[in-house]
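A.B. asks: I have a structure I would like to understand better, so I am pasting it below and will then ask my questions one at a time.
The values are calculated or read from the model by the stated rules, or taken from the named source; none is laboratory data. Keep in mind that what you see is a predicted model, and the values were worked out from it rather than measured. Cβ placement follows ideal geometry from the backbone for every residue including glycine, while neighbour counts extend to all protein chains displayed. What goes into the accessible areas is simple: the full protein's heavy atoms, side chains included, and nothing from ligands, DNA or RNA. Shrake-Rupley method; radii C 1.70, N 1.55, O 1.52, S 1.80 Å.
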Amino acid sequence: MLEIDNLTKTYADGLQALRGCSLTVPGAEVVAVIGPSGAGKSTFIRCINRLVTPTGGSIRLDGTEITALGERGLRGVRRHIGMIFQEYNLIERLTVMENVLAGRLGAVSFMQALLRRFPQADVDRAFELLARVGLEGYENSRADALSGGQRQRVGIARALMQEPRLLLVDEPTSSLDPKVARSILALICELASELGIPALINIHDVGLALRFARRVIGLSAGEIVFDGAPVEVDEAALSRIYGADDWRDAFRQEGEEDRHVAGEGMAS
Ligand code: ADP
């Protein structure tokens, strides 16, 4: 369970990026965070694993207050927060298997990692996860030989390797074409549901958010101005989030015509 209460972030230059955001995600729920550029989506997601240090408020994951943790406690909590990035953040010259095993770096000792001696159970799990994300047979391929969609699948497997209690996903599809983007988002949602964990997905493409998320949070100028189901995201809600004149831009990437088509396959 993720409980965020009155979260604020003011950057050093005085910019108030978050102005009292509260959100409770009780269980295995996929929450899309939408809003215009600069609304605070990235800051919000990054405060949760303290890549950004909040100015005020509280963030609890399964009862642990994240904002109060010192370095050591923070490392322990981060180990259980899987992060999936827009640019995949893979180590390009390493193999797919090595990249996935990197998800265990918080758990194995530095010497083990240095010698690439991961426990057999970790290697077995990595094989399982690679099969689950559709990359069976790619274990020894170098990361830089893969397509964008395949790289993101590696990024997903690496995040799952952490045995996460929460998935934080930052613009996972911005670098992908629409068809691949749909299959990646479908995969992330399926996996969150299979693992029974919450996933927060920062996504600028409203069409995709409505199609896949079970709950949508709308951020505008650092405030949560909408919190509801995808079916409740109507013109009034979009105007509140994006401004009356600008919300149609949010559908630009996919086009409105196919925004309610559910369930995509995995091919990419
Ligand atoms: P979004 O993800 O919705 O585009 P961000 O969280 O990236 O929004 O940014 C929210 C606001 O905070 C923006 O005005 C942005 O310019 C500002 N901001 C983000 N990071 C920093 C930083 N490190 N220092 C100062 N301002 C920042």
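A.B. asks: Conditions first: (1) within 26 Å of Leu195 (Cα to Cα); (2) open to solvent by 30 Å² or more (accessible area, probe 1.4 Å). Ile4 passes all but one, so which condition is the exception?
C.D. replies: (2)
A.B. asks: Quickly run through the range 9-28 and pick out the residues that are of a type outside the set (A, V, I, L, M, F, W, C), open to solvent by less than 40 Å² (accessible area, probe 1.4 Å), over 16 Å from Gly218 (Cα atoms) and more than 10 Å from the ligand (Cβ to nearest atom).
C.D. replies: Applying the first criterion (of a type outside the set (A, V, I, L, M, F, W, C)) to the range 9-28 yields 9-11, 13-14, 16, 19-20, 22, 24, 26-27.
Then drop every residue that is not open to solvent by less than 40 Å² (accessible area, probe 1.4 Å), which leaves 9, 20, 27.
Subsequent filtering for residues that are over 16 Å from Gly218 (Cα atoms) retains 9, 27.
Gly27, the sole residue that qualifies.
A.B. asks: Would you check which residues across the range 30-66 are more than 16 Å from the ligand (Cβ to nearest atom) and open to solvent by 40 Å² or more (accessible area, probe 1.4 Å) and list them?
C.D. replies: Initially, the range 30-66 is screened for residues more than 16 Å from the ligand (Cβ to nearest atom), giving 30, 58, 60-66.
Of everything in the range 30-66, those that are more than 16 Å from the ligand (Cβ to nearest atom) and open to solvent by 40 Å² or more (accessible area, probe 1.4 Å) turn out to be Arg60, Asp62, Gly63, Thr64, Glu65.
A.B. asks: From the residues in the range 39-51 that are at pLDDT 95 or above and not in a helix (DSSP H, G or I), which one is nearest to Met83 (Cα to Cα)?
C.D. replies: Gly40
A.B. asks: Further question on the same structure: Which of the residues belonging to the range 210-220 are of a type outside the set (Ser, Thr, Tyr) and either open to solvent by less than 10 Å² (accessible area, probe 1.4 Å) or closer than 17 Å to Ile45 by Cβ (or both)? Reasoning before the result, please.
C.D. replies: Filtering the range 210-220 for residues of a type outside the set (Ser, Thr, Tyr) gives 210-219.
Listed by number, the residues that qualify are Phe212, Ala213, Arg215, Val216, Ile217, Gly218, Leu219.
A.B. asks: Tell me yes or no: at least one residue of the range 189-198 is part of a strand (DSSP E or B) and within 29 Å of Leu90 (Cβ to Cβ).
C.D. replies: Step one: filter the range 189-198 for residues part of a strand (DSSP E or B), giving none.
Checked the range 189-198: no residue is part of a strand (DSSP E or B) and within 29 Å of Leu90 (Cβ to Cβ).
A.B. asks: Just to be sure I understand, how many residues within the range 154-185 are in a helix (DSSP H, G or I) and open to solvent by less than 10 Å² (accessible area, probe 1.4 Å)?
C.D. replies: To start, the set of residues in the range 154-185 that are in a helix (DSSP H, G or I) comprises 154-161, 178-185.
Right, trim to open to solvent by less than 10 Å² (accessible area, probe 1.4 Å) and you get 154-157, 159-161, 181, 183-185.
Count: 11.
A.B. asks: Being within 25 Å of the chain's Cα centre (by Cα), modelled with pLDDT under 85 and open to solvent by less than 70 Å² (accessible area, probe 1.4 Å) is the filter here; which residues of the range 93-146 pass it?
C.D. replies: Correct list: Ala102, Gly103, Arg104, Gly106, Ala107, Val108.
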